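Okay, structure first, notes after.
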Amino acid sequence: MELEIDIIESLLRGGSAIVSGICMGLERQIKGKAAGLKTNILVALGATTFIIISNLYAQHENTDLTRVLGQIIVGVGFLGAGVILKQKSSEKIWGLATAATIWCSAAAGCLAGLGIYDTLLAFTLMVVFVNLLFGYFGKKVNDISKNGD
């Protein structure tokens, strides 16, 4: 049983995962978050690689790609949990958006690994849009609530 890898397609998929991870991670890096550029790139690239590996076995009996996808989701969930912090003296929690962005980086890696580039582009733009726009609005709402206006 010989498994064949198309190196050009693998590089295209890996490269698109890296670009998506850069887009998502750059915003987190600029804001000084715990998991920034490198983390998001590596999560996206890792998810892509697991999908590529699982696709090598797609034609074999008892192969189920959804099991690999499910394990990526669970594994990255543990990684994301590591960036969530709670302040002991209050109920304040930090890192939820960063954890969610890590999870989204894994989803982007899965899209790249499957070669679904149009959805990957749209998804990446939506994640960056949400982090930028709602990060701005969230800060404004917090400022208003602190000032009592």
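The values are calculated or read from the model by the stated rules, or taken from the named source; none is laboratory data. Keep in mind it's a predicted model, so treat the numbers as computed, not measured. Positions of Cβ are backbone-derived with ideal geometry, glycine not excepted, and every protein chain shown enters the neighbour counts.
For this structure, a couple of remarks:
- Which numbered condition Asn62 misses (of (1) more than 24 Å from Gly15 (Cβ to Cβ); (2) within 12 Å of the chain's Cα centre (by Cα)): (2)
- Looking only at region 55-77, and only at residues there that are among the polar types (S, T, N, Q) and closer than 30 Å to Arg28 by Cα, the one that is modelled with the lowest pLDDT: Thr66
- Qualifying residue in region 14-24 (condition: at pLDDT below 95, within 17 Å of the chain's Cα centre (by Cα), under 20 Å from Thr101 (Cβ atoms) and in a helix (DSSP H, G or I)): no
- Residue that is in contact (Cβ under 8 Å) with a residue 12 or more places away in the chain, within 19 Å of Ser16 (Cα to Cα), of a type outside the set (Lys, Arg) and in contact with a helix residue (DSSP H, G or I) (Cβ under 7 Å, 6 or more places away or on another chain), where the choices are Thr48, Thr98, Thr119: Thr48
- Filtering region 112-134 to residues that are closer than 17 Å to Arg28 by Cα and either surrounded by 12 or more Cβ atoms within 10 Å (Cβ to Cβ) or over 13 Å from the mean Cα position of the chain (by Cα) (or both) leaves Phe123, Thr124, Leu125, Val127, Val128, Phe129, Val130, Asn131, Leu132, Leu133, Phe134.
- In the condition set (1) touching a Lys or Arg at 6+ places or on another chain (Cβ under 9 Å); (2) in contact (Cβ under 8 Å) with a residue 40 or more places away in the chain, Tyr57 is compliant with all but (1).
- Here Lys33 meets the list (1) under 14 Å from the mean Cα position of the chain (by Cα); (2) of a type outside the set (Val, Ile, Thr); (3) more than 13 Å from Ala112 (Cα to Cα) almost entirely, failing just condition (1).
- Residue in region 29-39 that is within 17 Å of Val127 (Cα to Cα), of a type in the set (A, V, I, L, M), in contact (Cβ under 8 Å) with a residue 12 or more places away in the chain and surrounded by 12 or more Cβ atoms within 10 Å (Cβ to Cβ) present: yes
- Some residue of region 36-43 being in contact with a Ser or Thr (Cβ under 7 Å, 6 or more places away or on another chain), of a type outside the set (A, V, I, L, M, F, W, C) and in a helix (DSSP H, G or I): yes
- Residues in region 63-81 that are surrounded by 13 or more Cβ atoms within 10 Å (Cβ to Cβ) and within 25 Å of Ile41 (Cα to Cα): Leu65, Val68, Leu69, Ile72, Ile73, Gly75, Val76, Gly77, Leu79, Gly80.
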